[in-house]
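Enquirer: Take a look at the following structure, please.
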Amino acid sequence: MYKKEHWIGAALTFLFTFTGYLLTMAPTVTFWDAGEFIAASYTLGIPHPPGTPLFVIIGRVLSAIPLPMGVAARLNFLSVLCGAAGALLIYLIVVRIISTWLEDENSLPSRVLVHGGAFASAIIPSFMRTTWSNATEFEVYAVSTATFLFIAWLMVYMGQSLDRRRMQRTLLLVIYIVSLSIANH
């Protein structure tokens, strides 16, 4: 199971990624699909096929919240949050995987390996060009990536459990999220 230090490391990873994305977030409409998604979300319209109805509805709800920024910035902020949440989830998944490889998880070298490996595993893909650009503008990819990383984390979480009922409930949640996310992208 996760220790307090794992959650602290995950939070620090989230804050690091969130800060990087927030500082480079598009302040308004960007080129290509992001502008179309912003317009479709604001008007509750239909963007290009496949239509992404869940993404548009989430965007519509967020665009209706009275925040002290423009509609485009509010919607771009959703991608920033989802991108940083994806980094947090990668961190937690990798912590769990590396911890299973170690015999003495509490020694200093093991802790450095666990936290350093998890941090690097989360940060490197988060700041690759494609991931970074999709996490700083209103695109379906940051939300989609965070959704599937959440599913992966739930599967790791389910694998730790010996409680059959908990495993069944977690599996049903995974199936529900996968089914729901089809409408996202």
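The values are calculated or read from the model by the stated rules, or taken from the named source; none is laboratory data. None of the values given here were measured: they were computed from a predicted structure. So basically every Cβ, Gly included, is an ideal-geometry build from the backbone, and we count neighbours across all protein chains shown. Just so you know, the surface numbers come from the protein's heavy atoms only, side chains and all, with ligands and any DNA or RNA stripped out. Shrake-Rupley method; radii C 1.70, N 1.55, O 1.52, S 1.80 Å.
Enquirer: Kindly provide the set of residues from the stretch 54-73 that are exposed (fewer than 15 other Cβ atoms within 10 Å of the Cβ) and not β-branched (Val, Ile, Thr), ordered by number.
Expert: Passing the criteria: Ala64, Pro66, Leu67, Pro68, Met69, Gly70.
Enquirer: Suppose we keep only residues that are among the β-branched types (Val, Ile, Thr) and outside any helix (DSSP H, G or I) within the stretch 6-41. Which one would you say is least open to solvent (accessible area, probe 1.4 Å)?
Expert: Thr30
Table: residues versus (1) open to solvent by less than 30 Å² (accessible area, probe 1.4 Å); (2) touching a Ser or Thr at 6+ places or on another chain (Cβ under 8 Å); (3) at pLDDT 90 or above.
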site	(1), (2), (3)
Leu75	yes, yes, yes
Leu81	no, no, yes
Val94	yes, yes, yes
Leu108	no, no, no
His115	no, no, yes
Phe119	no, yes, yes
Met128	no, no, yes
Thr136	yes, yes, yes
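Enquirer: Do we have any residue at all in the stretch 86-106 that's closer than 21 Å to Ile182 by Cα and in contact with a helix residue (DSSP H, G or I) (Cβ under 7 Å, 6 or more places away or on another chain)?
Expert: Looking through the stretch 86-106, at least one residue is closer than 21 Å to Ile182 by Cα and in contact with a helix residue (DSSP H, G or I) (Cβ under 7 Å, 6 or more places away or on another chain).
Enquirer: While we're on this one: Give me a count of the residues in the stretch 135-176 that are under 30 Å from Phe37 (Cα atoms), in a helix (DSSP H, G or I) and in contact with a Phe, Trp or Tyr (Cβ under 7 Å, 6 or more places away or on another chain).
Expert: So the count comes out to 2.
Enquirer: If a residue must be within 19 Å of the chain's Cα centre (by Cα) and open to solvent by less than 50 Å² (accessible area, probe 1.4 Å), how many such residues does the stretch 160-181 contain?
Expert: 4
Enquirer: Please indicate, with yes or no, whether at least one residue in the stretch 87-110 is of a type in the set (Phe, Trp, Tyr) and closer than 19 Å to Thr30 by Cβ.
Expert: There is no residue in the stretch 87-110 that is of a type in the set (Phe, Trp, Tyr) and closer than 19 Å to Thr30 by Cβ.
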